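What follows draws every value from the coordinates through simple rules; no lab data is involved. If you're wondering where the values come from, they're calculated on a predicted model, not measured in any experiment. Glycine also receives a Cβ, built like all others from the backbone with ideal geometry; neighbour counts cover every protein chain displayed.
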Amino acid sequence: MKKYYLLIALCMLIVGCSHFSAPELPIDSIPVANAMETEMAKRPVKPITVKAFKIEKPVVTTAKLVAIGDILLHQPVYKDAKTTDGTYDFTAMFEKVKPFIESADIAVANQETMIGGPELGLSSYPKFNSPYEIGDALKYSGIDLVTIANNHTLDRGEKAILNAIDYWDHIEMPYTGAFKSPDDRNMVRTVTKNDITFSFLSYSYGTNGMPVPEGKPYLINLIDLPLIEQDVKKAKTISDVVVVSMHWGNEYEKTPNDTQINLANELSSMGVDIIIGHHPHVLQPVDWIERPDGTRTFVMYSLGNFLSSQEGLEKLTGGIGGVEITKVVDSEKTVIKLDHPSFVPTYGYYKNKRDFEVIPMHLLTESYLPGYQTHYENTQRHLNVLTNELTFIEK
């Protein structure tokens with residue numbers, strides 16, 4: 001029995017110490033994974049292209065908007081503009097302010113008196129009708145759009161409005177606030193500069209008791225909050241910046257009243273970006289209205305008279321109010337920011353009801369206005385009383 005176990009152990013030792021070569025297997029018996037690796041190895045190697053992702057920088061554009069006050073053509077003003085051939089030329093009256101108007105990207109004027117033309121008979125206060133040629137002078141000075149909703153819009157009736165609109169169309173001057181038809185009214189005026197689109201709306205508190213012709217409410221926009229809200233919503237769908245001109249306030253009051261302030265806040269809550277005020281015939285301070293989303297509305301409560309023959313230092317003081325608009329566009333959103341408000345105070349000079357011209361206040365001399373420097377400084381303080389952000393432009 002011991003010999004039997006010893007024989008088995010010896011056989012096991014011989015087998016464990018022997019070297020055996022693995023037999024070669026046929027190709028179709030190679031595992032699938034190894035076959036795939038072999039096939040891939042036979043194929044040409046293609047270079048791998050790695051695409052670089054470009055980070056788009058925001059597109060930033062800016063535009064400056066300016067506005068001037070009331071163009072109020074009393075008889076002495078248009079008589080002074082009359083030429084020897086019977087036409088009218090107002091351009092000389094704007095020569096000194098022209099550089100400050102045309103240097104802006106967009107400039108707006110309030111044409112207080114309808115330019116119904118001589119065929120209706122030119123007239124002064126209380127029912128104005130003015131020469132067509134004031135339109136040419138405004139365009140020459142750099143004005144891009146006029147507002148014509150005010151308490152004198154209906155002074156000479158529907159015909160004066162239609163004559164005026166025909167002439168604005170003739171010289172290719174956009175207008176807003178009074179219209180020739182419902183379709184004309186429903187077309188929101190826009191101006192695009194530097195890839196920023198501005199829309200313009202205009203409204204008046206009233207018409208000096210003159211009734212609006214029945215069935216023709218388009219002849220003048222009156223202040224009506226539901227109507228304004230409807231217009232603003234439409235304007236916001238087609239523009240980046242909404243500008244609203246308001247004929248409001250009390251004449252000759254140097255500060256905005258509660259109605260003006262409340263209306264300004266209502267407009268701001270609708271999304272209006274810039275409010276331009278007229279009618280008091282004297283300057284009122286500018287202000288900002290902050291909105292919950294961090295944006296703000298710029299308000300010029302009253303720009304005073306720009307050209308008139310009214311008497312008194314305050315009534316002859318006006319100006320060119322401005323603000324800078326920045327548009328930032330990236331892949332996610334568009335942001336509009338208003339900043340850098342500015343002002344050029346002006347003086348409406350005349351002597352013996354002749355030689356009318358509008359002069360930037362910093363260019364005055366004692367011969368134009370004795371004590372002008374004191375008035376200039378007082379005007380600066382008055383305009384800045386609500387915000388203290390205004391920069392006064394002198395060149």
Within the set 339, 273, 85, GNM on the chain using Cα springs under 10 Å gives the largest fluctuation to 85
Just to confirm the number: angle between the C-alpha axis of helix 258-270 and the first principal axis of the chain, 0 to 90 degrees, nearest 10? 30
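Take 187, 300 and order them by how many other Cβ atoms sit within 10 Å, fewest up front. Before the final figure, lay out each step's value.
Details: 187 12, 300 26.
Lowest to highest Cβ neighbour count: 187, 300.
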Answer label, with volume of the Cα convex hull per residue in Å³ calculated from the coordinates and candidates (i) 324; (ii) 234; (iii) 138: (i)
Whole Å is fine, so just give me how far the alpha carbon centre of region 195-273 lies from that of region 329-393. 24
Using θ = phi - 60° and Karplus 6.51 cos²θ - 1.76 cosθ + 1.60, couplings along region 97-107 (whole Hz; Gly, Pro as x): 9, 3, x, 7, 7, 6, 6, 6, 6, 9, 10
Between residue 319 and residues 5 or more places away or on another chain, which pairs have amide H atoms under 5 Å apart, with H built 1.01 Å from N, and which residues are they? 69, 346
Label-point separation in nm, residue 212 to residue 253, each point 7 Å along Cα→Cβ: 2.3
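Can you tell me the length gained on complete extension of the stretch residue 59 to residue 230, counting 0.36 nm per residue apart and subtracting the Cα distance? Could the numbers behind the result be given before it?
Values: separation 171, 0.36 × 171 = 61.56 nm, distance 3.07 nm.
Contour length minus the Cα-Cα distance gives 58.5 nm.
Of 139/353; 254/327; 139/180, which pairs sit farther than 26 Å apart, going by alpha carbon to alpha carbon?
Numbers: 139/353 24 Å; 254/327 33 Å; 139/180 21 Å.
Violating the 26 Å limit, Cα to Cα: 254/327.
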Within the chain, which is the longest segment containing none of the chymotrypsin sites (Phe, Trp or Tyr not before Pro) that sit in a DSSP loop and have at most 14 other Cβ atoms within 10 Å? 54-251
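What does the C-alpha gyration tensor say about the overall shape of region 180-308? Classify as rounded when a/c is under 1.5, otherwise prolate if a/b is larger than b/c, or oblate.
Values: a/c = 1.58, a/b = 1.01, b/c = 1.57.
In terms of gyration-tensor shape, oblate.
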Could you pull out every one of the aspartates and glutamates with an alpha carbon less than 17 Å from that of residue 236, ignoring same-chain neighbours closer than 8 positions? 195, 266, 273, 293
Everything considered on the Cα gyration tensor (a ≥ b ≥ c; rounded for a/c under 1.5, else prolate if a/b is larger than b/c, else oblate), region 112-239 must be described as oblate
GNM result for the chain, Cα springs below 10 Å: residue of 226, 174, 285 fluctuating most strongly: 226
Please check which bits of region 164-178 a label hung off residue 120 would reach, taking the label as a point 7 Å along Cα-to-C-beta and the cut-off as backbone N under 17 Å. 164-171, 175-178
If we count other beta carbons within 10 Å of each Cβ, what is the order of 180, 327, fewest first? 180, 327
Rank 133, 266, 214 by mean-square fluctuation in a GNM of the chain with C-alpha springs under 10 angstrom and give only the top-ranked residue. 214
